[in-house]
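Working notes, beginning with the structure itself.
Values quoted throughout were computed directly from the atomic coordinates according to the rules given, and no laboratory measurement underlies them. All values derive from a computational prediction rather than experimental measurement. Cβ: placed from backbone, ideal geometry, glycine included. Neighbour counts: every protein chain shown.
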Amino acid sequence: MITEWILDTLIRALAVGTPLLWAALGEIYAERSGVINLGVEGMMILGAFFAFAVAHTSGNPALGLLVAGVVGGASALLHAFLSVTLRANQYVSGLALAMFGLGLAGVLGRGWEGIPLLNTLPEISGLTYLGVVLAVVLWFVLYHTRLGLVIRSTGEAPAAADALGVNVARVRYLAVVFGGILAGIAGGFFSVAYRPSWTEGMTGGTGWIAIAIVIFAGWDPLRAVWGALLFGALYYLSFRLQTWIAPEALRMLPFAFTIVALAATSRRRRGEGAPEALGLPYASGEK
Amino acid sequence: MRWLTLAAVLILVGSLAVTGGAQQKLKAGFIYVGPIGDYGWTHAHDQGRKIAEKMVSGLETLYVESVPEAQAEPFIDKLIQQGARVIFTTSFGFMDGTLAAAKRYPNQIFAHASGFKRAPNMATYMADFYQVYYLNGLMAGALTKSNKVGYVGAFPIPEVKRHIGAFALGVRAVNPRATVHVRWIFEWFKPSAAKEATEALIAEGVDVFAFTEDSPTVVQVAAKRGLPSFSHYSPMQKFAPNHVVSGQLVHWEKIYVDFLSKVVAGKYTTENLQNVDYWWLLAEGAVEVGGDFGVPVSPAWKSKLQAVQVTTLDLGRLSVHDLVMKRLAQMTDPKVTFDPFTGPIRDRKGKLVVPAGKRMTVGELNTMEWAAPGIVGPWPKEP
Amino acid sequence: MRRLGPWQIDRDPAPRGWWVLVVSLGAIASAFLAAGALFWAFGIGPARAYSTIFLGTLGDARAAPEVLRQAIPLLLCGVGLVMAFRAQFWNIGAEGQLLAGAVAAAGVALFAPLPAPLVVPAMFAAGFAAGALWGLLPTLLRLKLDVNEVLSTLMMNYIALFFVEWLIHGPWKGQEQRGFAYTDTLPPAAWLPLLPGTRVHWVTLALGLALAGGLAFLLARTKLGFEIRVLGQNPTASRYAGINPLRTTLVAMLISAGAAGLAGVGEVAGIHHRLLAPDQISLGYGYAAIIVAWLARGSPLAAVLTALFLGLIFSSGDVMKVTLQMPFRVTDIFNGLILFFLIGSERLLTYRLRRVPRPAPHATAVSPGPERQTGAGIPEETGVAESK
């Protein structure tokens, strides 16, 4: 009985957590490089639509995911251009991207609702396991390679990185676009695997939760796995435990948790908190 | 100055000509609460609007989607400026705004779906599913092997409670040992919530599903586990052809066409709508049983339903499939010779809620809070 | 430093008001041009689209007050955020603070046994207090534990959202709403009066304007305002100036969060007359107010203009939906485009165009002006987000 409960919850946590993890991993890299992208929801919904449209037209859901990644990356490019090249306010740019993505996907998606998808991907699929593997790889790259050092340094001390010959703008561009690719794939997961069909607004705020997970995880890819699993498990349990506990209380929990985690980790600053230069545009020597 | 005067006269004549032409046409405006792309409530109203536009000659329609509740009045203003003479508002939350607008625009006609406040120029209308849910319940009761039937509910409001109640009465009519397990998602449209609620029910051993949510999520999740389900609101059989048994379908156009034709004919005016309340069911053709139009029972499940025999008081011993067809015929008959909410009915606590021989009135159905026997799970505001 | 004929473009550390206005209007015009393609795609001529939008918002006696009505919560939240941003406190939590104010207002109206004339003042007081309280935790966490406030205020938004959900589905669910998730309707004593013929709850509007004026005065003329300005411009210097950063940030933030709480009171008491689903109480006003405050560039009085501008954008979307019969998501594309162009143009603000005496012909390669070293990258660090 107990093992069944744990097993059920774990499986659902994996399924719900998959898109959360992918989107959060991408956002971690973007934020580690110093660029916060609040447009995750917009990139995800674009990914969801394009993945569905391509999967339906071509009959190949994997191709759909690929295109979703490309679309997510392309939309992130817009954010990168505004926040890195034009050094615009990252928060506003991200909000604008969220709006723009939801708008574009909604308008393009007209008439695609109510169409079943014949070839779908299994829900707990390669994407789930790949997500965990990706987390490990991204963790290793971030903390144990030169590339990771470069990314972290652009987020913590861009001027110092610049002085050491790092092209801050290029690193940030790549990190933001990488984040967009993962967000696009995360969105695609919804429309070809989690619930194979297209419906307006189907990502339902997952992008915002992913941003919360980034914080919860303290910008650490490995901890993002636990964050995604916890959010996923609590989401599932809010229905499973409905007879005994108000669902709102359970769903509020991760957010309250995040604040507690923030408070608990803030004292030991080093590498635990937000990147020092997060949200701050960097003007390098020239231009 | 002369050219200015001339221009003014031309504009005046031109606008008169335009309004003169417009009087031939009847413009109706629709205010939706959700996006048309939801494949549920709003999608169905929009289908009704499009069909009505084709069927009522001289009708022209306007619509606005995803209107926040507080915004009903300003949108009504705008639709009326566009020349709309009839306004349909399609959500309970628009009730007070619609009523206020009806008072401000005594020369326009209003109709509000799912509410209970009316005015001389404001009617109410609803196409309700409870009879259809009863028929679905009969099938679900015959198909469950675990004797656990699941229902994913949107909000614990009388409308949904009534539907679950009718569904449970149907389940118990063929399978007195079965229970109906309910999970609320507190949203009308939230695929991820519907999905995880379904998964939670599956974990509890439920093996047949019905639901109230505006997407085919529950159908898809159940099908993936090979479990049967009943589609909701839109034709969802195509999302799981081998697993959708039946479902509920709506024909809002029946109400829209009837209402607008009567407006055109001058039967409905801005003075005689105080008591106009459409409460349309199977007999009026406003709702239909099935997972797709014209398919009351999926061919994939017909033989399974024919294999289960039940004994009823009025029809004797027969298969569940035949029982469904008989009950459907009784409720489609204009005289409505059968209704699920006919007493004696006790609630799940054993209290007699509908006395023997009595049928629940529309008013009672609209305020129904009790839980039918066999329902398991939280039931907010249970008397 | 580039020359264009007799003109020279160079860096401007402190852009002047008219230049900000010119660039911003230019950006909006460009966004309109870009959005023209969108209208075209729907078979609507851009010229017709814009004239329709104009006539349906400002050029219409019933619609124009709606612009004002939508601007009220944007103004209150926006002015508050200006205050917080000036003190270098990045409050993203106006949405949650607004909801807290709405809850307090509904609670007072439904449950406090007060004589009728006291109900509305009590609601506003409670709403301000509740909003401030909601902002207090992130402020204390930032001041005592150095917790990033962008993140904690964002989290507080979700907690407020689920709290409202729980109230309307649980303990506060109304008896008279047929089981729908609302509280009961507030007693009429709790309803704010409206400007005749409109739906503008003028009490809240007046509060917003007074707050904008008051805070402008506070920033410009008082000791506290001076402290906030110094703290915002140079936290290190403020310490030497004997300013208590804890107290100053706390006061600025309480005003900020309290103002958002007032916006919540206005929405509940002026529009809805009950507590309802959080996404219906606020149509994202708390988030849109970030844009209001950002566009206002630190000036509470400018926030009046920018709040009106955003109210206009909101209303334009309504016209697109109804009059032009476009899908509702078009408004998101439109708003996104406007924002993209506005923030994209921000860079232009740090340049200025100066007329300088023309040197010898064809001598453009050698610039006569005092060539500033472009390396430092300091002069342009003027945007709000850049000086942290």
- Message: Please give the Cα centre distance for segment B:287-352 versus segment B:111-138, rounded to the nearest Å.
- Response: 21 Å
- Query: Picking from C:214, C:285, C:111, whose Cα lies most toward the positive end of the charge dipole for segment C:70-308 (charges on Cβ: Lys, Arg +1; Asp, Glu -1)?
  - Reply: C:214
- Query: For helix C:17-41, what angle does its Cα long axis make with the longest principal axis of chain C, in degrees from 0 to 90 and rounded to 10?
  - Reply: 70 degrees
- Task: Which order do the peptides C:325-334, A:113-122 take when ranked by the mean count of other beta-carbon atoms within 10 Å per residue, highest first?
- Result: C:325-334, A:113-122
- Pick out, in residue order, every one of the trypsin sites (Lys or Arg not before Pro) in segment B:106-163 that is DSSP loop and has at most 15 other C-beta atoms within 10 Å; say none if there are none. B:117, B:145
- Query: How well do other chains shield peptide B:195-206, expressed as the mean number of their Cβ atoms within 10 Å of each residue Cβ?
  - Reply: 5
- Check cross-link reach from residue B:349 to the aspartates and glutamates: straight Cα distance under 19 Å, and skip same-chain residues fewer than eight apart. B:364, B:369, B:382
- Message: Going by average Cβ density within 10 Å per residue, which order do the peptides C:271-281, B:275-285 take, highest to lowest?
- Response: C:271-281, B:275-285
- Query: Once the Cα atoms of helix B:41-55 and of chain B are each reduced to a long axis, what angle between those two axes, in degrees from 0 to 90 to the nearest 10, is obtained?
  - Reply: 60 degrees
- Kirkwood hydrodynamic radius of segment C:6-155, from inverse mean 1/r over distinct Cα pairs, in Å: 19.8 Å
- Of the residues A:232, A:204, A:109, which exhibits the maximal mean-square fluctuation in a Gaussian network model of chain A defined by a 10 Å Cα contact cut-off? A:204
- Assign one of three labels to segment B:160-206, namely rounded, prolate or oblate, based on the Cα gyration tensor with a ≥ b ≥ c the square roots of its eigenvalues; rounded applies when a/c is under 1.5, prolate when it is not and a/b is larger than b/c, and oblate otherwise. oblate
- Message: Run the reach check for residue C:321 against lysines, Cα to Cα strictly under 25 Å, same-chain hits fewer than 8 apart removed. What comes back?
- Response: B:25, B:27, B:50, B:54, B:78, B:103, B:190
- Computed about the Cα centre, the charge dipole of segment B:230-285 from +1 Lys/Arg and -1 Asp/Glu charges at the Cβ has a magnitude in debye, to the nearest 20, of 180 debye
- Query: What is the mean number of Cβ atoms from other protein chains located within 10 Å of the Cβ atom of each residue in peptide B:31-40, rounded to a whole number?
  - Reply: 5
- Long-range alpha-carbon pairs in the protein assembly as shown, meaning those over 56 Å apart, account in percent for 16 percent
- Answer rounded, prolate or oblate for segment A:111-212, using the Cα gyration tensor with square roots of eigenvalues a ≥ b ≥ c: rounded when a/c is under 1.5, else prolate when a/b is larger than b/c, else oblate. prolate
- Note on the structure: GNM of chain B, Cα pairs under 10 angstrom: of B:307, B:84, B:140, the biggest fluctuation goes to B:307
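Once you charge only the Cβ atoms, +1 for Lys and Arg and -1 for Asp and Glu, what is the size of the charge dipole of chain A about its Cα centre, to the nearest 20 debye?
500 debye
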- How large is the dipole of segment C:225-342 about the Cα centre if only Lys and Arg carry +1 and Asp and Glu carry -1, each at its Cβ, rounded to the nearest 20 debye? 260 debye
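Relative contact order (percent) for segment B:96-138, with alpha-carbon contacts under 8 angstrom and 6 or more residues of separation?
29 percent
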- Task: Could you tell me, in Å, what Rg and Dmax come out for the Cα atoms of chain B?
- Result: 23.1, 91
- Message: Restricting to Cα atoms and excluding each atom paired with itself, what does the Kirkwood estimate give for segment B:54-96 in Å?
- Response: 11.4 Å
- Query: When all C-alpha to C-alpha distances in segment A:204-265 are sorted into bins of 5 Å, what percent of pairs does each bin hold, rounded to whole numbers?
  - Reply: 4, 19, 27, 25, 15, 8, 2, 0
- For residue B:29, other-chain or 5+-apart residues with amide H closer than 5 Å (H placed, Pro excluded) are B:62, B:85, B:86, B:87, B:88
- Do any chymotrypsin sites (Phe, Trp or Tyr not before Pro) in segment B:180-234 lie in a loop, going by DSSP, with at most 11 other beta-carbon atoms within 10 Å of their beta carbon, and if so which? none
- Return one number: the angle in degrees, 0 to 90 and rounded to the nearest 10, between the long axis of the Cα atoms of helix B:158-174 and the longest principal axis of the Cα atoms of chain B. 30 degrees
- Write down the percent of antiparallel bridges among all DSSP beta bridges whose residues are both part of the protein assembly as shown, to the nearest 5. 35 percent
- Rel. contact order, % - alpha carbon contacts under 8 angstrom, at least six apart, segment A:2-266: 37 percent
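Which pairs in the list B:161/B:238; B:161/B:304; B:148/B:224 are over 20 Å apart, alpha-carbon to alpha-carbon?
Violating the 20 Å limit, Cα to Cα: B:161/B:238; B:161/B:304.
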- Over segment C:70-308, what number does the Rg to Rh ratio reach, with both radii from the alpha-carbon atoms and Rh per Kirkwood? 0.99
- Task: On a C-alpha basis, how far is the centre of segment A:224-250 from the centre of segment C:123-158 in Å? Whole number, if you could?
- Result: 25 Å
- Item | Inter-chain Cβ neighbour average for residues B:111-123, partner chain, 10 Å | 0
- Message: Considering all projection directions equally, how large on average is the shadow of the alpha-carbon convex hull of segment C:66-172, in square nanometres?
- Response: 8.1 nm²
- Task: Mind checking segment B:305-350 for trypsin sites (Lys or Arg not before Pro) that DSSP puts in a loop (not H, G, I, E or B) and that have at most 10 other Cβ atoms within 10 Å?
- Result: B:335
- Item | Cα Rg, Dmax, segment A:2-266, angstrom units | 18.2, 60
- Quick one: Karplus J couplings for segment B:307-314, per residue in order, coefficients 6.51, -1.76, 1.60, θ = phi - 60°, nearest Hz, x for Gly and Pro? 7, 9, 9, 9, 10, 10, 5, 8
- Inter-centroid distance (Cα atoms) of segment A:8-54 relative to segment A:148-187, Å: 18 Å
